[in-house]
Structures are given as structure tokens and as C-alpha cells.
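The values are calculated or read from the model by the stated rules, or taken from the named source; none is laboratory data. Computed from a predicted structure; not experimentally measured. Positions of Cβ are backbone-derived with ideal geometry, glycine not excepted, and every protein chain shown enters the neighbour counts. Heads up: the accessible areas ignore ligands, DNA and RNA and are worked out on the full protein's heavy atoms, side chains in. Shrake-Rupley method; radii C 1.70, N 1.55, O 1.52, S 1.80 Å.
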Amino acid sequence: MEAAKGAMKAVALIIGDNNVRGSLQFVQHPNGTTHVTGRITGLSAGLHGFHIHAFGDTTNGCNSTGPHFNPLKKDHGAPTDNERHAGDLGNIVAGPDGVAEISVRDGQIPLTGLHSILGRAVVVHADPDDLGKGGHELSKTTGNAGARVACGIIGLQSSV
């Protein structure tokens, strides 16, 4: 399904603990970059790790989404690092009102092809992602971003 102007589109409805809610839109442009936009409410103020996880499985809440999406078997890192999981999207920022406005562009989260993120999950974490540089035992795997407070399955968006 191609959207207007050659862009492919997907959506994820975010549901989580303590009334965390939101929606995200994913638009893959012809150059391969995917732009993630949306709004999440009900978060604590500050930074929250933001990742694509391997599985679109929420049978046990956000815990069943598995590890970060990492098809190239790399260490965790920042979105700008060469050494990073494909699903490492860094942090989102919630204001004092608990609202995070998201706008992230990334070249490693396509909606088509071998490493497509369709059917996988996007997860918002309780704590900041240390981008693999925190020195904690979890830095190189999860960014030590803490509990999973909200998630949603990434699915194709209708053009209607």
C-alpha cells in the first residue's frame, strides 16, 4: 500500500500505566528515512527512553514486546551512533504537563523490506536512555532506561 507522494504510512496507538496514552504516525519517505510524529500524554516530566522493540506482542503488556529491535546484532547506542540497535531512537521529553510531542527522523526503521518495523512495537520507558554511555551494566543492551510505561503495535495505516 503506497500513500500519496510515494510515502508509506503506519500508526501505533500507545497505551500504558497510569493513564499514559497517545498515538504515533510513521511515514517512510522515498529516500528511506522514516519520520515518527505524535503526542503522548500522562508521562512524568522529563526524559523517557523511546525504542522500537522486536515483537508486536502485548499479551503480557509491554513486557512481551521483547528486546530492542536489533537485526544487525549491535550494542545499544544513540540514534546518531554507528554502533546502535536499529530500534534505538533515544529519548522523548515530557513537559511539566506530562505531554511529549514527538518528531523523530531515522534511517534504520523502515516500513518496508527485510528490516521493516511493521508488526513490531514502540515502547516508552520510565527513565532516560543513557544512549549506551552510562557505564551501567544495562547501558549496552537497554540504555538503562528502566521500566516500560507504555507501548503500541506498529501497523499499516489506512489511506482512507
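On average, how much accessible surface per residue is there in segment 59-154, in Å², for a 1.4 Å probe, leaving out ligands, DNA and RNA? Could the numbers behind the result be given before it?
Numbers: 4460 Å² over 96 residues.
That works out to 46 Å² per residue.
What whole-number value in Å² describes the accessible area per residue of segment 10-55 for a 1.4 Å probe? Show your work: numbers first, answer last.
Numbers: 1960 Å² over 46 residues.
Solvent-accessible surface per residue comes out at 43 Å².
Carbon and sulfur: what percent of the chain's accessible surface (1.4 Å probe)?
Numbers: 4160 of 7780 Å².
Summing carbon and sulfur atoms, their accessible area is 54 percent of the total for the chain.
With the Cα gyration tensor of the chain giving a ≥ b ≥ c as the square roots of its eigenvalues, does the rule (a/c under 1.5 for rounded; else a/b larger than b/c for prolate; else oblate) give rounded, prolate or oblate? Present the calculation step by step, with values, prior to reporting the outcome.
Numbers: a/c = 1.59, a/b = 1.20, b/c = 1.32.
Taking the square roots of the gyration eigenvalues as a ≥ b ≥ c, the chain is oblate.
K140: which aspartates and glutamates have alpha carbons under 17 Å from its alpha carbon, excluding same-chain residues fewer than 8 sequence positions away?
Hits, sequence-local ones excluded: D75, D81, E83, D88, D127, D129, D130.
Please list 72-83, 119-130, 20-31 highest first by mean number of surrounding beta-carbon atoms within 10 Å per residue.
On the way: 72-83: 14.8, 119-130: 23.0, 20-31: 17.5.
Result, highest mean first: 119-130, 20-31, 72-83.
Round to a whole angstrom and tell me the spacing of the C-alpha centers of segment 96-120 and segment 1-71.
5
Once you sort the root eigenvalues of the Cα gyration tensor of segment 66-140 as a ≥ b ≥ c, which label holds: rounded (a/c under 1.5), prolate (a/b larger than b/c) or oblate (the other case)? Each step should come with its number before you reach the end.
Working: a/c = 1.91, a/b = 1.17, b/c = 1.63.
Taking the square roots of the gyration eigenvalues as a ≥ b ≥ c, segment 66-140 is oblate.
Going by a ≥ b ≥ c, the root eigenvalues of the Cα gyration tensor, does segment 34-78 fall in the rounded group (a/c under 1.5), the prolate group (a/b larger than b/c) or the oblate group? If you can, show how the numbers build up before the last one.
Values: a/c = 1.78, a/b = 1.25, b/c = 1.43.
In terms of gyration-tensor shape, oblate.
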